[in-house]
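This report refers to the structure that appears directly beneath it.
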């Protein structure tokens, strides 16, 4: 039988910075999940037309955000935390088209909605959010194996 690698999920082995990044991202995704489920209208409005059943998709994305948040915040399983990181990174990539669509909608409005001062940084932040999920969860950390 193989031995388990010591994990950053073990108290004291996770750096303080990674822990705070993980906790912050977990809280942010948890809050976003609650909003997607409890107040879906703004999210439905920015969903691209090619997405089928936008109300259901927004509800599902809320559930995904909540599950990802729980996975990040739990301290029992490094594997679950890493899967949550991969899932949230994939999620952030998949919702990026909605962010572009939101910008197009706003730029077509007479007052330009939230404007480029919001949308350009928001679009540029998406790769950083993806990297944040992967780093904070430990998804990219190498697993040391003993021979």
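Where a number appears in this text, it was derived from the coordinates with a stated rule and is not lab data. Not measured: the values here are computed from a predicted model. Virtual Cβ from ideal backbone geometry, glycine too; neighbours counted across all protein chains shown.
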- Message: Go through segment 85-99 and report how many residues are more than 9 Å from the chain's Cα centre (by Cα) and closer than 17 Å to residue 23 by Cβ.
- Response: 0
- Enumeration of residues in segment 32-45 that are under 24 Å from residue 131 (Cα atoms) and more than 11 Å from the chain's Cα centre (by Cα): 34, 35, 36, 43
- Restrict the check to segment 30-37 and report whether at least one residue is within 27 Å of residue 136 (Cβ to Cβ), surrounded by fewer than 20 Cβ atoms within 10 Å (Cβ to Cβ), touching a helix residue (DSSP H, G or I) at 6+ places or on another chain (Cβ under 8 Å) and in contact (Cβ under 8 Å) with a residue 40 or more places away in the chain. yes
- Message: Just to be sure I understand, how many residues within segment 38-50 are touching a helix residue (DSSP H, G or I) at 6+ places or on another chain (Cβ under 7 Å) and either over 27 Å from residue 104 (Cβ atoms) or free of Cβ contacts under 8 Å to residues at least 12 places away in the same chain (or both)?
- Response: 0
- Can you spot a residue in segment 90-104 that is touching a residue at least 60 places away in the same chain (Cβ under 8 Å) and in contact with a helix residue (DSSP H, G or I) (Cβ under 9 Å, 6 or more places away or on another chain)? no
- Taking the condition exposed (fewer than 15 other Cβ atoms within 10 Å of the Cβ) and under 17 Å from the mean Cα position of the chain (by Cα), does residue 66 pass? no
